[in-house]
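This report concerns only the one structure given below.
Bear in mind that the values in this text are calculations on the coordinates, not laboratory data. As the structure is a computational prediction, the values presented were derived from the model and not from experiment. In this analysis, Cβ positions are derived from the backbone assuming ideal geometry, glycine residues included, and neighbour counts consider all displayed protein chains.
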Amino acid sequence: MVKLPRKKNWNKPFSEKIAKRVARISSYDLTTWADQTIYEMSRLLGIYERTRTKQSADELVMGAEALHAVAEELRKRTIEN
């Protein structure tokens, strides 16, 4: 019987899907992505303040997760260099 390697537990405050997407972005473009994400979060916060809906809150959290993933990737790449 062949043992398959165990999948590592994903223990980060953002999804693995977001992390994989961010990992494919060039280092040069990561700061632009961070800047765009901050702008988008500001826009989403305004929408949340007007609507107070679960959907707008979920989108705000997703934006925060994306920003966190970008910041983590920048930190990771800085440490590796």
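Count, please, the residues in segment 45-81 that happen to be touching a Ser or Thr at 6+ places or on another chain (Cβ under 7 Å), closer than 16 Å to TRP33 by Cα and among the hydrophobic types (A, V, I, L, M, F, W, C).
Narrowing segment 45-81 to residues touching a Ser or Thr at 6+ places or on another chain (Cβ under 7 Å): 47-48, 63, 65-67, 70, 77.
Among the residues that remain, those that are also closer than 16 Å to TRP33 by Cα are: 63, 65-67, 70, 77.
Going one step further and asking which of them are among the hydrophobic types (A, V, I, L, M, F, W, C), we end up with 66-67, 70.
Of the residues in segment 45-81, 3 are touching a Ser or Thr at 6+ places or on another chain (Cβ under 7 Å), closer than 16 Å to TRP33 by Cα and among the hydrophobic types (A, V, I, L, M, F, W, C).
Filter segment 12-35 down to residues that are among the basic types (Lys, Arg) and outside any helix (DSSP H, G or I) and give me whichever is nearest to the chain's Cα centre (by Cα).
LYS12
From ARG52, ARG43, ARG21, grab the single residue that is charged (D, E, K, R) and loosely packed, with under 11 Cβ neighbours inside 10 Å.
Checking each option against the conditions leaves just ARG52.
Within segment 31-81, count every residue that is under 18 Å from GLU16 (Cα atoms) and among the charged types (D, E, K, R).
8
One residue is enough: does segment 35-48 have a residue meeting the conditions over 21 Å from SER15 (Cα atoms) and among the aliphatic types (A, V, I, L, M)?
yes
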